[in-house]
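This report refers to the structure that appears directly beneath it.
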Amino acid sequence: MPDQLGFAVIGCGMIARFHARAIQEIPSARIAALVSRVPASGQKLIQETGIPSCPVFGTVEEAVRLPGVDAVIVTTPSGAHLEPALTAAAAKKHVVVEKPLEITGARCQQIIDACDRAGVRLCTIFPSRFGDANATLKAAVEAGKFGRLTLGETTCKWWRTQQYYDEGGWKGTQALDGGGAMMNQAIHNVDLLLWMMGSAAMVSGFTATLAHERIEVEDTAVAVIRFKSGALGVIQATTSVHPGYPKTIAIHGDKGSATIEQDDVLRWDFTPETDADRAVKARFASKVSASGGSADPKAISHEGHRRQLADFVEAVRSNRLPKVDGREGKKSVDLICAIYESNRTGKVVELARG
């Protein structure tokens, strides 16, 4: 194993910059190559992020043949994750894929199966899991502090301008975005809700396009869930709410409730209150989070990416599963696709048992 795990970043758009900055802060990792159909885009990424100069290839096949490339990070449009991931797995390279893993459960499963066959590690990027407040919330759930879970709520009431969709080329298209506010923006919330509440049994959803033109996907969506535990859940997802608000997740049970806004603890109410509860309140007493991308996607911090990529590097080195593997990444896609099916059919959709 080399001193530094070498990554090839496939795709040089905005999200690739988060990965580039994150990798620079991980001593045991480096960017060994970039892949872009437009070489100038790769050079621009190097200049803007300050990463050491590296080759910029036009194809994934060229990049994975480069000595020193041990893994790839796929940052192409969502509906174009499958092909580069399969190419990398076939070359025995470990695979990191930006959210969503892909835009259908079947395409997600193809990536998972290919990485399993090749014996390489697969990670789906969900940096919200690595935030301090969300990690604290997850620990409280696992410790049983909520008693019986009764209700899980999450909101992603964000705003995106018409220009955001017009200038992106692929944004707002069914083929490459796979969906709108629910699949692109709120998938982080959906992942957190499933992580906290467990698997969903059935879902009913509505979607609409209300504040934008020339897009094929929704900018407003709501869904209600029955979890396999019997608890209920609610999701709100938008790019249509001006000026945009920080995302939230709230977990409720018969012994306590907690609400997180971005990475701030707004409510932490348990009976009886313990010293540990008071310590949580003291730790998060000062509101520290920014908008988290509620109105501007460039405003999101890359710290979550750094933490998750550091976990992935350690997983490769120690031959263990990363904290968010491909199977974890597929869960949110399956639920969102079920929400879309419910909207199309007007029926409650049952999710596959598992």
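The values are calculated or read from the model by the stated rules, or taken from the named source; none is laboratory data. All figures in this text were calculated on a predicted structure; none of them were measured in a lab. As a convention, Cβ positions derive from the backbone with ideal geometry for all residues, glycine included, and neighbour counts pool all protein chains shown. To get the accessible areas, we keep the full protein, side chains included, count just its heavy atoms, and leave off ligands, DNA and RNA. Shrake-Rupley method; radii C 1.70, N 1.55, O 1.52, S 1.80 Å.
Once you've got the Cα coordinates, tell me which of Lys99/Lys331; Lys92/Lys171; Lys157/Lys255 are over 19 Å apart.
Beyond 19 Å: Lys92/Lys171; Lys157/Lys255.
For the range 32-184, with every protein chain kept in place, what is the accessible area per residue (1.4 Å probe, Å²)? Write down the numbers at each step before the final one.
Working: 5890 Å² over 153 residues.
Accessible area per residue: 38 Å².
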A correct Karplus calculation of ³J(HN,Hα) over the range 305-316, with 6.51 cos²θ - 1.76 cosθ + 1.60, θ = phi - 60°, whole Hz and x for Gly and Pro, returns 4, 4, 5, 6, 5, 5, 5, 5, 4, 5, 4, 5
Could you give the nm distance between label points at Arg283 and His242, where each point is 7 Å from its Cα heading toward the beta carbon? 4.0
For the range 46-87, shape from the Cα gyration tensor axes a ≥ b ≥ c, cut at a/c of 1.5 then a/b versus b/c, turns out oblate
Under the 0.36 nm per residue contour assumption, what length would be gained going from the current alpha-carbon distance of Ala90 and Val234 to full extension? 47.9 nm
Between the range 137-167 and the range 90-117, how many Å separate their Cα centres? 25
How are the alpha carbon pair distances in the range 114-222 distributed across 10 Å bins from zero to the largest one, expressed in percent? 11, 34, 31, 20, 4
Here the convex hull volume per residue of the chain, taken over Cα atoms and given in Å³, is 133
Please report the spacing between the Cα centers of the range 183-204 and the range 53-82 in Å, no decimals. 29
Row for the range 167-304, column shape: gyration tensor on C-alpha, a ≥ b ≥ c, rounded if a/c < 1.5 i.e. under 1.5, prolate if a/b over b/c, else oblate; value oblate
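First check a/c for the range 226-333, with a ≥ b ≥ c the square roots of the eigenvalues of its C-alpha gyration tensor; if it is under 1.5, answer rounded, and if not, answer prolate when a/b is larger than b/c or oblate otherwise. Display every interim value, and only then the final one.
Values: a/c = 1.34, a/b = 1.18, b/c = 1.14.
Here the range 226-333 falls in the rounded category.
For the chain, what relative contact order do you get, as a whole percent, if you take Cα pairs closer than 8 Å and at least 6 residues apart? Each step should come with its number before you reach the end.
Values: 772 pairs, mean separation 68.3, N = 354.
Reported relative contact order: 19 percent.
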Taking all pairs of distinct Cα atoms, average 1/r, flip it, and tell me the Kirkwood hydrodynamic radius of the range 53-203 in Å to one decimal place. 17.5
Value of relative contact order over the range 231-345, rounded to a whole percent, pairs C-alpha under 8 Å and six or more apart: 16
For Val234, Val95, Val348, the accessible-area ranking with a 1.4 Å probe, largest leading, is Val348, Val234, Val95
How long is the gain from Arg148 to Thr345 if the chain were fully straight, where each residue apart is worth 0.36 nm and the alpha carbon distance is subtracted? 67.7 nm
Compute, for Asp275, the solvent-accessible surface of its heavy atoms (probe 1.4 Å) with the complete set of protein chains present, and express it in square angstrom to the nearest 10. 110
Please arrange Thr209, Thr49 by accessible surface area, largest first, computed with a 1.4 Å probe and ligands excluded. Thr209, Thr49
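What number, in percent, do you get for the relative contact order of the range 155-277 if the mean sequence gap of Cα pairs under 8 Å and at least 6 apart is divided by its residue count? Mind showing how you got there, number by number?
Numbers: 231 pairs, mean separation 34.3, N = 123.
The value is 28 percent.
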3J(HN,Hα) from dihedral phi, the range 94-102, Karplus parametrisation 6.51/-1.76/1.60, rounded to Hz, x for glycine, proline: 5, 10, 10, 10, 4, 5, x, 3, 7
Could you report the accessible area of Met1 in Å², rounded to 10, computed with a 1.4 Å probe on the protein chains as they sit in the structure? 140
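May I ask you to give the solvent-accessible area per residue for the range 202-272, in square angstrom, as obtained with a 1.4 angstrom probe?
Values: 3250 Å² over 71 residues.
Per-residue value: 46 Å².
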For the range 100-203, which trypsin sites (Lys or Arg not before Pro) are in a loop by DSSP, counting at most 16 other Cβ atoms within 10 Å? Arg148
With the full set of protein chains in place, find how many percent of the accessible area of the range 144-242 is carbon and sulfur; take the probe as 1.4 Å. 56
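Among DSSP bridges having both ends in the chain, what percentage is antiparallel? Round to the nearest 5. Present the calculation step by step, with values, prior to reporting the outcome.
Working: 36 of 62 bridges.
Here the share of antiparallel DSSP bridges comes out near 60 percent.
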I'd like the accessible area for Val349: 1.4 Å probe, protein heavy atoms, all chains in place, Å² to the nearest 10. 10
Determine the order of Arg21, Arg65 by accessible area, beginning with the largest, at a probe radius of 1.4 Å. Arg65, Arg21
